[in-house]
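Here's the structure we're looking at; comments come further down.
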Amino acid sequence: MARLEPVLPTLQAAVQAAQQAVGLGQQATCLVGFSQGAILALELAQRYDGLVGRVLAFAGRYATLPEAAPKQTTLHFFHGGLDPVIEVQHAREAMQRLADVQGDATIDIAEDAGHEINGALLMRAVFRLRNHIPHRSWRAALGQAPDMPSQGLEALD
């Protein structure tokens, strides 16, 4: 985290400047990162919830597992099962933590892949972008029904 702290405000400003330059709203923005870039993207989404609508984290991990989940950002983890650089267990632990704190996240693991973005993971990323309806969208469509348990929404993935 010590190495990330000074970089996050600069990255946040760069993302906002890019959004303004192309006229793209925060929820229509997807941040993609690989390895250290994924670490930065995850931490940015954690620190500035809602800055982007989605994060695609390839072969990355949290620097520190979050205490709370982002409410306005959907996280998609993509990892190689044979990754020798950032072990897949980090992605699994992140998913478990996010499930525990009712986060909106998905995970796809290519068991035979290493530290890479292979074709299978890339196709899963496209699938997630096209087909995963964020939990915040479901809650809004349901009028944020207080009786609707958020655990039931995870089955829609």
So if I place +1 on the C-beta of Lys and Arg and -1 on the C-beta of Asp and Glu, and nothing else carries charge, what would the dipole magnitude of the chain be about its Cα centre? I want it in debye, nearest 20. 480
Over the chain, give the accessible area per residue in Å² for a 1.4 Å probe, as an integer. 52
Can you list residues from other chains, or at least 5 along the same chain, whose modelled amide H is less than 5 Å from the amide H of V32? L56
Roughly how many percent of the accessible protein surface of the chain is carbon and sulfur, given a 1.4 Å probe and a whole-percent answer? 56
Quick one: Karplus J couplings for the range 62-70, per residue in order, coefficients 6.51, -1.76, 1.60, θ = phi - 60°, nearest Hz, x for Gly and Pro? 6, 5, 9, 4, x, 7, 9, 8, x
Residue-wise HN-Hα coupling along the range 90-107, computed from phi with Karplus coefficients 6.51, -1.76, 1.60 (Hz; x: Gly, Pro): 4, 5, 5, 5, 4, 4, 5, 4, 5, 5, 4, 9, 6, x, 9, 8, 10, 9
Ignoring GluC sites (Glu not before Pro) that are buried or in helix or strand per DSSP, and keeping those with at most 11 other beta carbon atoms within 10 Å, what is the longest stretch of the chain between them? 1-66
Give me, ordered by chain and number, the residues 5 or more places off D108 or on other chains with an amide H under 5 Å from its own placed amide H. F77, F78, H79
So who's got an amide H within less than 5 Å of the one on D83, skipping anything under 5 residues away but keeping other chains? H placed 1.01 Å off N, in plane. V88
Quick one: net charge of L40's neighbours, Cβ under 12 Å, K/R +1, D/E -1? +1
Sites matching trypsin sites (Lys or Arg not before Pro) across the range 1-106 that sit in DSSP coil, with at most 15 neighbouring C-beta atoms within 10 Å: R3, K71
In sequence order, calculated HN-Hα J values of the range 130-137 (Karplus, 6.51, -1.76, 1.60; Hz; x Gly/Pro): 7, 10, 7, 8, x, 4, 5, 5
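The values are calculated or read from the model by the stated rules, or taken from the named source; none is laboratory data. Please read these numbers as outputs of a predicted model, since none were measured by experiment. All Cβ positions, glycine included, derive from the backbone under ideal geometry; neighbour counts span all protein chains shown. Side chains are part of the model used for accessible areas, which takes the heavy atoms of the whole protein and leaves out ligands, DNA and RNA. Shrake-Rupley method; radii C 1.70, N 1.55, O 1.52, S 1.80 Å.
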